[in-house]
Amino acid sequence: MDHLARPTESTRDRSLRQRAATVIPGGMWGHQRAAAVPAGYPQFFRAGEGARVTDVDGNTYIDFMCSWGPIILGHRHPAVDAAARAQWDLGDCLDGPTEHAVILAELLVETIPHAEWALFQKNGTDATTACVTIARAGTGRRRILVAQGAYHGAVPWCSPSLVGVTAEDRAHIRTYAYNDAESLRAAAEEAGGDIAAIIVSALKHDLGKRQELPDPAFARAAREICDATGAALILDDVRAGFRLDLGGSWETVGVRPDLAAYSKAIANGHALAAVTGTERFRDAASRAFFTGSFWTGGAAMAAAVTTITELSRIDGPARIEAAGLRLRAGLAWQAERHGIEIVQSGPPAMPLVQFVGDTPEAATGEAFCREALARGVYMHHRHNMFLSCAHTDAEIDRALEATDGAFAAVAARTRRG
């Protein structure tokens, strides 16, 4: 495979992990997703270009994690980085926002059908939490309905960990089963007249579990419940936003939210998040208190304007879907050829590959990913992956050369044991 270095025993990466263990609680093993990648994966990276990343030891990989979602046009996209750099040269963190705040808000309102206004933050957690706050301010109610096992951020009201979280932090959270309309109706009934919002992910993407696209009947039920009770329908589009549909991921099922949270791909790797909402929640959004020292940085907003404009120009979601379908077809053919049964779930733009009969820890999937890594392809066995507009046919085909070898290695291991 051209330009791809076969990983060697890590030296600089290992040294940085050891240093991190001294000055960062838990070391890198408990920070920045290090615990989620297979053993032997690099933690520290030096560069990215297009569909590829290079680790600190000089190994280059075709990247199917896209920085865990933020990269949608490709690493170091020239137009996006030029827009950000131009604002950086003038100033980024100033006494107030730059004109890009208004331009970006106008662009979001123009692009997203439900949006009549926009607010900006820095992280996905900022955006989902702001949506919950606005919903409570706009309804005067407390309870939030959340899907069981869903991830909406890393603060007490929604954190997947209970460490440092009190019962009071979760006192007004009620759960339902994603894609189960009856479960959702039961949760809404239990919440009674105190339901402020239903928050839904763009799709079910729980770690290590088969992904599920939203069932249109479930999506309609969520909308109907909110319309009947006066609650807000919140779409957490942090992970999928702009990859599936530029107008919002639930445009694919014909249901529009009252509030939506975006981050990750909104600025192609530049730190930014946004909340969009309907006219009904404009007053609540203006009255609730939100602030952050770096939330109005101009460079990231300039990058976002260019990112969304470019995605619209080239029909980015369609391009990414085509790349995902090419990858999915190639993996299916290879698995069958090597006598291995796999399940591929989720939208083509955000694939998850699992092995039938695998252990609860996904040992076979992990082995496959390590073999792919050794051949210059960075994948994941439990978290959904991401494709970008930089995953051209040529890059997908080069990656499939590597995965064919990875399947062969897994098949040989299965025959031995």
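The values are calculated or read from the model by the stated rules, or taken from the named source; none is laboratory data. What you are looking at is a predicted structure, and each value in this text was computed from that prediction instead of being measured. Glycine also receives a Cβ, built like all others from the backbone with ideal geometry; neighbour counts cover every protein chain displayed.
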> What number of residues within the stretch 228-257 satisfy the criterion of being surrounded by fewer than 21 Cβ atoms within 10 Å (Cβ to Cβ) and under 15 Å from HIS114 (Cα atoms)?
Replying inline: 8
> Can you name every residue in the stretch 133-158 that is under 27 Å from ASP215 (Cβ atoms), small (Gly, Ala, Ser) and surrounded by fewer than 20 Cβ atoms within 10 Å (Cβ to Cβ)?
Replying inline: GLY149, ALA150
> When GLU371 is evaluated against the numbered criteria (1) modelled with pLDDT of 95 or more; (2) in a loop (DSSP other than H, G, I, E, B); (3) of a type outside the set (Ser, Thr, Tyr), which criterion, by number, is the only one it fails?
Replying inline: (2)
> Between a first residue in the stretch 388-413 that is among the hydroxyl-bearing types (Ser, Thr, Tyr) and a second residue that is modelled with pLDDT of 95 or more and assigned to a helix (DSSP H, G or I), which pairs have beta carbons less than 7 Å apart while being 6 or more apart in sequence or on different chains?
Replying inline: SER388/CYS66; SER388/ILE320; THR403/LEU331; THR403/GLN334; THR403/ALA372
